[in-house]
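Taking it in order: structure first as structure tokens, then the write-up.
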Amino acid sequence: MSSSRLVASVTASAKAGRSSGIRTLSTLAARPAPPHRRILTRPPPSRLLQQRSYAVPAMSTPPAANAAAQTAHNSGVPPPIALTEADLTRLARQRNIGIAAHVDSGKTTLTERVLFYTGRIKDIHEVRGRDAVGAKMDHMELEREKGITIQSAATYCQWKATPPTETRAVSGDAAEMDTKGAAPKEDFHFNIIDTPGHVDFTIEVERALRVLDGAVLVLCATSGVQSQSMTVDRQMRRYNVPRISFINKMDRAGANPWRVVDQIRSKLKMNAAAVQIPIGAEEDFKGIVDLVRWKTVWNEGEKGIVIREEDGVPDDLLDFAKAKRQELVEQLSEVDETMADIFLEEREPTLEELATSIRRATLTCRFSPVYMGSAIKNKGVQTLLDGVCAYLPNPSEVPVTAIDNSAKAQKDKAEAVAAAAEGEGDVESAVAAAKKTQTIMPLAPASAAPFVGLAFKLEEGRYGQLTYVRVYQGTLKKGTTIYNARTGKKVKVPRLVRMHSNDMEDVDELGAGEICAMFGVECSSGDTFTDGTTSLSMTSMFVPEPVISLALTPEGADGKSGAGGVSQNFSRALNRFQKEDPTFRVHVDSESSETIISGMGELHLEIYVERMRREYNVACTTGKPRVAFRETIGARADFNYTHKKQSGGAGQFGRVMGYIEPMDPDEETGKDVAFENRVMGGSIPTGYFAACEKGFQDALEKGLLTGHPVTGVRFVLEDGAAHSVDSSELAFRLAVAGAFRDVYNKARPVVLEPRMAVEVISPIEFQGAVVGGLNQRKGTIEDTEVREDEFTLQAEVSLNDMFGYSSQLRGMTQGKGEFSMEYRNHAPVMPNVQKDMEAEYRKKLDKK
Ligand SMILES: Nc1nc2c(ncn2[C@@H]2O[C@H](COP(=O)(O)OP(=O)(O)OP(=O)(O)O)[C@@H](O)[C@H]2O)c(=O)[nH]1
């Protein structure tokens, strides 16, 4: 059905007030709607909103309303998109979730169990296991060798969940019981992305969370909330992703889930409470008590495949379970008004009320239900999956919007800018108005709506480029033509697959809310695809700036590029890696002509150098890793600069006026340089604007203080002058670059260096040595937490002072200490360091 016909049919049925199976969004909007993500950015939801109730359990009924309806309702503009009953039923049973956490928390081990219990794999293989097979989701040779996840991997599986309000019906003897319980109505469908924990591969987490609807935050029962757990928490908040917390490694000595729950509250500032308590701990960890359903649950049989469940709570745990259930109610009443009312009435919530409240509070990202288990001992995984179904959102509960680039939207925007300029009389407010008037359209996961999908990840596969796509609206079909919203190019979808780690299953079509991959479609990461009937594009993801660089020289490169030649493979590899990973950058240093690669850490770059050798047969020698210093400005400075050259023949003339000013990174994209053109009245012909922007980009390449790239600058071009004969694109490009250099020193330039959040965990007897070591490196110790026999220390240290730390730590802790570090920000270097760097740079320039 075409979209116009769809609208017509929807409107007709709405007018007739009949239930035709298709509902208009305005009809849906009138129904109770769940509090949704957008509300987070607004003042606290009103009492009214809080009191809207779900039909519980939401996991077993279609959602009360869809998010687009809510958005439309809020804006008062009902968009022409409708969800059918079939859509609603399908989406209610769909979960797109990410597994994210600090390094080595057990994400891949947990995902392996999920795949096993859902029947996706026949047997369990461990990360670094003795059978040397390796976990399914770590499919790269390097991942299996190193025992770490480098790339995120997607999979698809099905699960028969037991809703919180139902009893897992177990019949017959244990042999008859299967992993899937016995009370399923329909299967839930999961798209799962297992992400890496090392911060060097943070972009993999970023893009997964950009497209996922919910997440499981895995935490270690002994180490608790660690530095990367906090990074992942920030990433989840950036995309408003509701999360369940899973405290893994309950079998470890020193496991203490209650300390971890406290840390979720104190370090992540998230209301959280356990929905389970453990039976036994450490080696004696046996099972859990479900505080919501008030049942005791054990994993039995080979590989924990059998779930045995009993009503009630063991006598010795009864008081503790009651106290923890009360704590759950109290935590919920802080963020959920319905539960607050029950709490004030001093009444016990019913099972339904409790489950509904957990779901409502989780969906608004104000609360995280905490599960616990041991992935390696096959305990607590199935109940976690039930939790995912019960408390994480389905795709129709997640508001998604796109920017409308249609001619009408552009015209509206231009009119708003003109009106603002007229009303306020200044260009700045007009530009601000333009930004605000970007036409945002809500998308709805209706299968019959016009297709909109986001290409969030690329991989070079055996059969060409593999493009991972999240379908946000409409249906993606094999063999159809889709349009790239950025380039305007149309492409045919030759092959469509569902990913199962590195295996693929061909499919003919996939509906809205799904995650899949296309083959043979050229595009960049972050591109939006449509069916061509709309002009919608989606915002891309946040891309952090690289912090470390090194020079790379292919061994045996003779500069010739014969077939299969080293140079050719070298460039092919670099091109591919850059395309796949936006945090991996390559440039050729104009002074030394060296190829410089930059990335998020030493491990990040090391992996690419190794992949170059294995996958492209190019061995490389690398220079010493160097910190990615930058320069920025601290104040606004105005320029009025003329580039003029008269040497016989045609001259060069370009005059530019405006100012440069400091710029903070964009919250959504992280971009912190911008060229703004505010020239009016044709003082600079429009044909030269692109050249002006290029001139700005040229000037950013090397700051005048130390030759490092300049960031954090907005260049505002306000006016200028051109000459009818002597002006050219080149003249304006040089004029802008010249203006920037001319005014740079007046804008209080400074040199910036990456500052790292460092976390060290070590046995207590080495605490003095560890603190001393970090002091030596001019680190600032921010926090120390001492447990029975180990401690965790958090510090901020300049990356430049961290080289060689892993061997120093190994030496001073007899190999028992571990550390991780992650980029925090770029901050000004000490004035004496800046002076030395400037002097060194001047010396280098003088030598030339
Ligand atoms: N004791 C114990 N060890 C576990 C548990 N789960 C995982 N591990 C071990 O912890 C180590 C890391 O497990 P992974 O599953 O690779 O952890 P990860 O979080 O996926 O690791 P990265 O993605 O590389 O950050 C492995 O040696 C696992 O065997 C658990 O429940 N208990």
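None of the figures in this text is laboratory data; all of them are computed from the coordinates on show. Being a predicted model, the structure only gives us computed values, none of them experimental. So basically every Cβ, Gly included, is an ideal-geometry build from the backbone, and we count neighbours across all protein chains shown.
Numerical summary
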{"quantity": "Prolate/oblate/rounded call for segment 753-843, Cα gyration tensor, a/c under 1.5 rounded", "calculated": "prolate"}
{"quantity": "Estimated FRET transfer efficiency when R0 is 30 angstrom, pair Lys746-Glu701 (beta carbons, to 0.05)", "calculated": "0.90"}
{"quantity": "Label zone at Ile440, where the point sits 7 Å out along the Cα-to-Cβ direction: segment 348-377 residues whose backbone N lies under 19 Å", "calculated": "364-366"}
{"quantity": "Virtual spin-label span in nm between Leu344 and Ala690, 7 Å along Cα→Cβ", "calculated": "6.3 nm"}
{"quantity": "Paramagnetic reach from Val786 in segment 226-260 [backbone N under 17 Å; point 7 Å along Cα→Cβ]", "calculated": "none"}
{"quantity": "Environment charge of Glu667, counting only residues whose C-beta is closer than 12 Å and scoring Lys/Arg +1, Asp/Glu -1", "calculated": "0"}
{"quantity": "Sorted by Cβ density within 10 Å, fewest first, the residues Lys107, Lys322", "calculated": "Lys322, Lys107"}
{"quantity": "Projected label distance in nm at Arg237 and Ala86, using a 7 Å step from Cα toward the beta-carbon", "calculated": "4.3 nm"}
{"quantity": "Environment charge of Val381, counting only residues whose C-beta is closer than 11 Å and scoring Lys/Arg +1, Asp/Glu -1", "calculated": "+2"}
{"quantity": "Sequence-separation-based contact order of segment 630-747, relative, with Cα cut under 8 Å and 6+ spacing, percent", "calculated": "42 percent"}
{"quantity": "Förster radius 56 Å - calculated FRET efficiency between Arg265 and Lys490 (Cβ-Cβ, nearest 0.05)", "calculated": "0.65"}
{"quantity": "Cβ-based net charge around Ala274, under 14 Å, with every Lys or Arg adding one and every Asp or Glu removing one", "calculated": "+2"}
{"quantity": "FRET efficiency for Tyr463 and Thr533, using Cβ-Cβ distance with R0 set to 30 Å, rounded to 0.05", "calculated": "0.55"}
{"quantity": "Inverse mean reciprocal Cα-Cα distance (Kirkwood Rh) of segment 630-722, Å", "calculated": "14.4 Å"}
{"quantity": "Members of Lys122/Lys477; Lys249/Lys778; Lys579/Lys671; Lys136/Lys377 lying beyond 25 Å, as alpha-carbon distances in this model show", "calculated": "Lys122/Lys477; Lys249/Lys778"}
{"quantity": "Difference of contour (0.36 nm per residue) and Cα-Cα distance, Glu838 to Glu505", "calculated": "114.2 nm"}
